[in-house]
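Undergrad: Can you keep this structure in mind? I'll have questions shortly.
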Amino acid sequence: MNPALKKWLRRWLLLLFTALSGGFCVLFYGSLGLEKRALWFALGYCVVLLPVCRLLPRFFARVFAALHALGVLGAAAVFLAVTLGGGRYSAQGSWQQSLYAAPQKVLFVVPHQDDDLNLAAGVIDAYRTAGTQVKVLFLSNGDADFQDGYRLNEALRCQKALGVEAGDVVFLGYGDQYTSPYGHIYNAPAGELVPSDAGRTHTYGLKRHPEYRASVSGGWSDYTYDNVIWDMQEFLGAELPDVIYCIDQDFHPDHRGTSLIFETALGNLLGSGADYHPLVYKGFGYSTSWLAADDYYAPNLPSALPPYESGRMEETNTYVWADRLRLPLRPQDMAYTRRASALYSAFAGYGSQRALQRMGRVVNSDKVFWPRRTDSLLYTAQLSAQSTDGLGRLTDFKLADSAHVAQREHRPFDGVWTPAPGDALTVELAAPAVISELVFYDSPSLQDNVLQARVTLENGGQLLTGPLDPGGAPTRLTLPAPTGLSSFTVELLETEGAAPGLCELEAYAADAQGPAFIKVTDAGGNFLYTYTPESRQDILLGVYGSTPELRALAQDPAANFTATVNGAPLAVQDGSFVLPCPAKESTVRLALKSDASVWDEITVKPYSKARQAFLPTLQKLDTLYCSFSCWTRYHWAFGEHSVLKALGRL
């Protein structure tokens, strides 16, 4: 070949390789979700770097190209490995229909833009995949630290990644924490204006996506207690969702406030006599999510762990861990790397909160909630007693109340009816009704307890409750036979503590109704989807049931369920199904004997020593990749020396 032509080709090949390497860098940058900015970077790279490279001596040009090659190949290898190498879980079951496809309208109520993921990552998109209409309501604009609607735009992007259209995202438009002697808008006197930490005094949204009040009336709502309750109540009354998920009283003022504002608004609706009884699920965004153990990289993704040794959710004491409802998630939301999960884009969307770094804490193989019934016959009943302080709160739907939401050290033990000795509570129903069960809620304070109470029916029959749950969890009193009543009385016979009493009282005509499903578990109770054995030993399988009846049946799986692997029945050992470690990928199916429409199916992979050795390395690469992605997203727009801020100063 002609030496001059060879020299010319070598130079241009080097330049072409450099250009391609720059293009790969752009693709890697674009993988962070910044495609438009990546195109500008590509244009600048071609315009500036290529002419510069041509001017370099041969040695420096080669070094320049080699460094780009190493960087690009390394970036491409990491990107492909963590995206494709990990693989997603796979499974199916009747729960996909009975749990996620059955409701018509589902609402999620959260305080801040990122609490939607903390509360219900994997649940929101599961409903959308099933075709259910989902709306997500944000009470606060999250503007304590980030102004100009940053977090509102993030929420729209995140919900789009979860399959929720912008029209189904609702901003109530209130402040993120408040500068007020009362600490929070929930504790402010009626009608008093409460400025937010950002200096705002009325609701607002985005120009292209106004807040709720502006969208329905064209105006805004001042930051007052009356307005926030009414906006929430009006929205609930207009939408009438079948199922509502709401944050409970985490150790954050806005989380506590959101829970109490929602419960007040819903309690008002229930007390109005409206024929509306949604299923309500309360959950936590911190202890079971944002602050939970980072165990995403376990060989098999574990279920949520109990955050407290006491077995209670100590934020309020009213929820017992053993009573939680565990929801299975979309299998594609779980993977062996975070980048391979279908939830990656949603977490990456909350760059201001660096949510991607917390993804390993938030995502488990289940999401836990505590159901709240809304069909009590007492919401419209008349209550009377000599001790009237707190009397009206016995049927207001709130299990725990707080007079000082913003004081983290103040426990939500307010709102308890504490009767004088010998005082009796008389309950008169709005209309005679058949009652099969009464439910009592003690004060959430573990020191103030009801040890014995007596219920006197109008026909003269009397029932004793025994000790109520000391933390305020439900204590159920079943009537010997469903009884038609128009009134009854309650007396606290024996108590302990300085301020014993009742926080809530409910009466029901029928048993609770909820989704009935089962889920295959391992010996530790973790939900299984795609199971990867860690050794060649036999695998013990159990069953989780969503209802009390199914949980009772799950105590003896062999007697109540059928289990097969690739169509062949599984053996039973000590009440558990035994699966020999398979030599090839296998399908395990469990079904209820009495109702074959209740079933679950998982995939079990064969044991692989090579995979066991490779997976930790892959997950370390995934950690580096996600950390880089999180850092890039934050410092592009939100960091102290962010690119956008620098451009804004020019």
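Undergrad: For region 178-199, which positions are buried (at least 22 other Cβ atoms within 10 Å of the Cβ) and in a loop (DSSP other than H, G, I, E, B)?
TA: Scanning region 178-199 gives H184, V194.
Undergrad: Out of region 85-122, which residues are of a type in the set (A, V, I, L, M), open to solvent by 10 Å² or more (accessible area, probe 1.4 Å) and part of a strand (DSSP E or B)?
TA: First, the residues of region 85-122 that are of a type in the set (A, V, I, L, M): 91, 99, 101-102, 106-107, 109-110, 117, 119-121.
Okay, now just the ones that are also open to solvent by 10 Å² or more (accessible area, probe 1.4 Å), so 91, 101-102.
Within region 85-122, A91 is the sole residue that qualifies.
Undergrad: Name every residue in region 454-488 that is crowded, with 17+ Cβ neighbours inside 10 Å and of a type in the set (S, T, Y), in order of residue number.
TA: Of everything in region 454-488, those that are crowded, with 17+ Cβ neighbours inside 10 Å and of a type in the set (S, T, Y) turn out to be T465, T475.
Undergrad: Going residue by residue through region 420-430, is there one that turns out to be touching a residue at least 60 places away in the same chain (Cβ under 8 Å), farther than 22 Å from A512 by Cα, touching a helix residue (DSSP H, G or I) at 6+ places or on another chain (Cβ under 7 Å) and buried (at least 20 other Cβ atoms within 10 Å of the Cβ)?
TA: no
Undergrad: Within region 348-364, is even one residue open to solvent by 20 Å² or more (accessible area, probe 1.4 Å) and part of a loop (DSSP other than H, G, I, E, B)? Spell out how you get there, then give the answer.
TA: Going through region 348-364, the residues open to solvent by 20 Å² or more (accessible area, probe 1.4 Å) turn out to be 353-354, 357-358, 361.
Checking which are part of a loop (DSSP other than H, G, I, E, B) leaves us with 354.
For region 348-364, residues open to solvent by 20 Å² or more (accessible area, probe 1.4 Å) and part of a loop (DSSP other than H, G, I, E, B): present.
Undergrad: Next question, about the same structure. Of all residues in region 365-415 being in a strand (DSSP E or B) and aromatic (F, W, Y), which is farthest from N317 (Cα to Cα)? Don't jump to the end; show me each part of the working.
TA: Taking region 365-415 first, the residues in a strand (DSSP E or B) are 367-372, 382-384, 401, 414.
If we keep only those that are aromatic (F, W, Y) too, we end up with 369-370.
Values: F369: 14, W370: 12 Å.
Result: F369.
Undergrad: Enumerate the pairs (first residue in region 568-592 and loosely packed, with under 13 Cβ neighbours inside 10 Å; second residue anywhere and not in a strand (DSSP E or B)) with beta-carbon separation below 6 Å, excluding pairs fewer than 6 apart on the same chain, so at least 6 apart or on different chains.
TA: Taking only residues 6 or more apart or on different chains, the pairs are A583/P606; K584/P606; E585/K605.
Undergrad: Can I ask one more? Quick one: how many residues across region 129-142 are surrounded by fewer than 24 Cβ atoms within 10 Å (Cβ to Cβ) and more than 15 Å from the chain's Cα centre (by Cα)?
TA: Residues meeting the conditions: 5.
Undergrad: So which pairs qualify, if the first residue must be in region 176-189 and closer than 14 Å to H202 by Cα, the second must be open to solvent by 50 Å² or more (accessible area, probe 1.4 Å), the Cβ gap must be under 7 Å, and the two must be at least 6 apart or on different chains?
TA: Final answer for the pair search is D176/D197; Q177/D197; Y178/D197; T179/D197; I185/Y225.
Undergrad: Scan A523, A516, A559, A507 and give me the residue that is more than 24 Å from Y607 (Cβ to Cβ) and in a loop (DSSP other than H, G, I, E, B).
TA: Working: A523 fails: more than 24 Å from Y607 (Cβ to Cβ); A559 fails: in a loop (DSSP other than H, G, I, E, B); A507 fails: in a loop (DSSP other than H, G, I, E, B).
The conditions single out A516.
Undergrad: Please name all residue pairs, on different chains or six or more residues apart, with Cβ atoms under 6 Å, provided the first residue is in region 269-288 and is assigned to a loop (DSSP other than H, G, I, E, B) and the second residue is of a type in the set (S, T, N, Q) and open to solvent by 10 Å² or more (accessible area, probe 1.4 Å).
TA: Listed by first residue and then by second, the contacts come to G273/T380.
Undergrad: Looking only at region 229-283, count how many residues are modelled with pLDDT under 95, of a type in the set (A, V, I, L, M, F, W, C) and under 26 Å from L429 (Cα atoms).
TA: Of the residues in region 229-283, 1 are modelled with pLDDT under 95, of a type in the set (A, V, I, L, M, F, W, C) and under 26 Å from L429 (Cα atoms).
Undergrad: Sticking with this structure for a sec: Would you confirm, using the coordinates I've provided, whether Y286 is of a type in the set (F, W, Y) and in contact with a Phe, Trp or Tyr (Cβ under 6 Å, 6 or more places away or on another chain)?
TA: Working: of a type in the set (F, W, Y): yes; in contact with a Phe, Trp or Tyr (Cβ under 6 Å, 6 or more places away or on another chain): no.
No, not satisfied.
Undergrad: How many residues, within region 238-266, are open to solvent by 10 Å² or more (accessible area, probe 1.4 Å), touching a residue at least 40 places away in the same chain (Cβ under 8 Å) and small (G, A, S)?
TA: Number satisfying all stated conditions: 0.
The values are calculated or read from the model by the stated rules, or taken from the named source; none is laboratory data. Predicted model, so just to flag it, every value in this text is computed and none were measured. Here the Cβ is made from the backbone with ideal geometry for all residues, glycine too, and neighbour counts use every protein chain on show. Areas reflect the complete protein model, heavy atoms only, side chains present, ligands, DNA and RNA absent. Shrake-Rupley method; radii C 1.70, N 1.55, O 1.52, S 1.80 Å.
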